[in-house]
Amino acid sequence: MAADLTLRIDSGTRLLPDRLEALEDLIDEFREEGLDGEIAYRPPNRRGVTPWEIVSIYLAGKGLDAATGAVAERLLDALVKRIVRWIKRQERTRQVVTLYGHDGRPLMVIRRNGDQVTVEKPEDHLDT
């Protein structure tokens, strides 16, 4: 069975055992919403390691496609709340988690810089 979502770890992030465990905890959070996940990772390349942990979460078609309108919004809100709670439990102080739809477009960006956690819709920053 295919995963409902995939967590992709940026190639500038080292995936150490404690971080892998933390990401598995996030997948457990999503399972409480009825979604299953997997982790995709490539070790750091020549660019080196960044002080920011960058996680991209890609929803498979089943995740939000099956839901429409208000149901899709509630699912997205529930996922974002779980991501925010997960981020706040982490020891890292610099994290960026981007949640993508099945079409590859970013739906939400959650950032932690120190004690501040922000949630933004990407279109909030587009100039029209």
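The values are calculated or read from the model by the stated rules, or taken from the named source; none is laboratory data. Please read these numbers as outputs of a predicted model, since none were measured by experiment. Note that we place each Cβ from the backbone using ideal geometry, even for glycine, and neighbour counts take in every protein chain shown.
Condition first: outside any helix (DSSP H, G or I) and modelled with pLDDT of 70 or more. Now tell me which residues in segment 60-72 satisfy that.
Within segment 60-72, the first condition is being outside any helix (DSSP H, G or I), and the residues that meet it are 60, 66-68.
The answer is 60, and nothing else.
Counting only residues that are modelled with pLDDT of 90 or more and on the phi > 0 side of the Ramachandran plot, how many does segment 19-59 have?
So the count comes out to 0.
Which is buried (at least 16 other Cβ atoms within 10 Å of the Cβ), on the phi < 0 side of the Ramachandran plot and modelled with pLDDT under 90, of 16, 75, 79, 7?
Values: 16 fails: buried (at least 16 other Cβ atoms within 10 Å of the Cβ); 79 fails: modelled with pLDDT under 90; 7 fails: modelled with pLDDT under 90.
Going through 16, 75, 79, 7 in turn, the sole match is 75.
Take segment 30-62 and flag every residue that is surrounded by fewer than 18 Cβ atoms within 10 Å (Cβ to Cβ) and charged (D, E, K, R).
Correct list: 31, 32, 33, 36, 38, 42, 46, 47, 62.
Just the residues that are part of a loop (DSSP other than H, G, I, E, B) and either farther than 18 Å from residue 96 by Cα or touching a His at 6+ places or on another chain (Cβ under 7 Å) (or both), please, taken from segment 2-42.
Here is the first cut: in segment 2-42, the residues part of a loop (DSSP other than H, G, I, E, B) are 2-4, 10-16, 32-36, 42.
Scanning segment 2-42 gives 2, 3, 4, 32, 33, 34, 35, 36.
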